[in-house]
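Down below is the structure, laid out as structure tokens.
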Amino acid sequence: MLAISLCCIYHSTLLAEEILVAVASNFSSTAEEVAERFEQQTGHEVVLAFGSTGHHYAQIVNGAPFDIFLAADAERPRLLEESGITIEGSRFTYALGQLVLWGSEQILSNQPNLLRSGEYRHLALANPRFAPYGVAAMEVLESSNLIEVTENKIVLGENIAQAFQFVASGAAQLGFVSLAQVNSLPDSQRGFVWQIEPSLYNPIRQQAVLLSDNPAAMEFMSYLKSDSGAQLIGSAGYGLEPL
């Protein structure tokens with residue numbers, strides 16, 4: 001009996017593989033939870049690399065050995081697909097991002113006119129050159145005619161994780177971040193969250209694409225699409241698009 005058990009353990013170890021996943025910063029905490037569940041079920045090891053979608057895209061184009069790209073937009077995965085870098089037919093929307101304005105309860109007490117009033121020192125957002133959530137934040141400011149009011153108060157994070165940290169540390173009183181980031185905090189640290197009207201920015205379709213034929217990576221993509229994966233993503237604060 002012991003010999004059989006040891007044999008099974010050895011066989012399982014042989015089958016276990018490592019997956020390297022490039023993950024958009026907004027999806028960090030959710031990706032960690034998804035990866036943990038997946039590892040428990042399969043025995044595979046998931047290595048997550050967090051960063052802005054734009055920087056990950058540049059790394060992949062230059063040959064970085066990622067197996068999967070979990071982007072914060074649809075554009076970069078599409079461009080990779082058109083370049084022949086991806087596994088054909090693997091691209092899909094795994095989450096719909098939700099943009100929020102986040103700050104302390106005190107600073108946001110004057111909403112909805114706070115941004116226009118200028119009664120704050122700094123407004124954090126992700127650099128729109130690299131981060132889709134930064135693009136969405138600029139779209140909100142433009143569609144609300146707030147560019148001139150806010151331009152001298154904006155501080156840019158390299159990615160949305162850094163923009164989030166600016167607000168969390170008090171370096172900025174307000175910031176455009178993702179709902180999922182705020183949801184990952186304990187209730188006592190959430191402050192005030194103003195969910196942005198979706199009509200003020202283009203939908204944030206976060207797409208995944210497979211970059212290698214690693215069988216374990218294919219399993220991970222299937223897990224993202226499963227009911228279990230979708231439940232984790234939805235409960236974190238993302239919308240879901242029918243597959």
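Bridge orientation summary for the stretch 99-195: considering DSSP beta bridges with both residues in this region, about 60 percent are antiparallel. Peptide packing for 94-101, 115-122 was compared via the average number of neighbouring C-beta atoms within 10 Å per residue; ordered from the highest value, the list is 94-101, 115-122. Short-range pairs are left out: with C-alpha atoms under 8 Å and at least six residues apart, the relative contact order of the chain is 29 percent. Summing +1 for each Lys or Arg and -1 for each Asp or Glu among the other residues whose beta-carbon sits under 14 angstrom from that of residue 93 gives +1. Were the residues from residue 202 through residue 78 laid out at 0.36 nm apart, the gain over their Cα-Cα distance would be 43.0 nm. Ranking of 225, 153 by neighbouring Cβ atoms within 10 Å, starting from the fewest: 225, 153. Beta bridges per DSSP, both residues in the chain: antiparallel share near 55 percent. Here's how it looks for residue 92: its modeled amide H is under 5 Å from those of 208, which are all 5 or more places away or on a different chain.
FRET efficiency for the residue 47 to residue 171 pair, using the beta carbon distance and R₀ = 45 Å, is estimated at 0.90. Database remark: amide H of residue 73 closer than 5 angstrom to the amide H of 207 (H placed geometrically; neighbours at sequence offset of 5 or more, or on other chains; Pro and chain starts carry no H).
Using the Karplus relation 6.51 cos²θ - 1.76 cosθ + 1.60 with θ = phi - 60°, the per-residue 3J(HN,Hα) values for the stretch 205-212 come to 8, 8, 10, 10, 8, 8, 10, 9 Hz, with x marking Gly and Pro.
Its alpha carbons considered, the chain gives a radius of gyration followed by a Dmax of 19.8, 74 Å. Estimated from the Cβ-Cβ distance and a Förster radius of 41 angstrom, the FRET efficiency linking residue 36 and residue 145 is about 0.40. Mean residue ellipticity at 222 nm, helices only, the chain: -12000 deg cm²/dmol; runs of at least 4 DSSP H residues each add -39,500 (n - 2.57), and the sum is divided by the number of residues. The slack between residue 85 and residue 240, meaning 0.36 nm per residue of separation minus the straight C-alpha distance, is 53.2 nm.
With the chain treated as a Gaussian network of Cα nodes joined by springs under 10 Å, which of 62, 214, 159 yields the largest mean-square fluctuation? Fluctuation is largest for 62. Each peptide among 47-55, 188-196 gets the average number of other Cβ atoms lying within 10 Å of its residues, and from highest to lowest they stand as 47-55, 188-196.
Working from label points 7 Å from Cα in the Cα-to-Cβ sense, the residue 153 to residue 16 distance is 5.1 nm. Legend: P(r) of the stretch 119-243 from all alpha carbon pair distances, 5 Å bins from 0, whole percents, reading 2, 9, 17, 20, 18, 14, 9, 6, 3, 1, 0.
Throughout, read-outs are computed from the coordinates displayed, never taken from laboratory work. Just so we're clear, the structure is a prediction, and the values are computed from it rather than from any experiment. In this analysis, Cβ positions are derived from the backbone assuming ideal geometry, glycine residues included, and neighbour counts consider all displayed protein chains.
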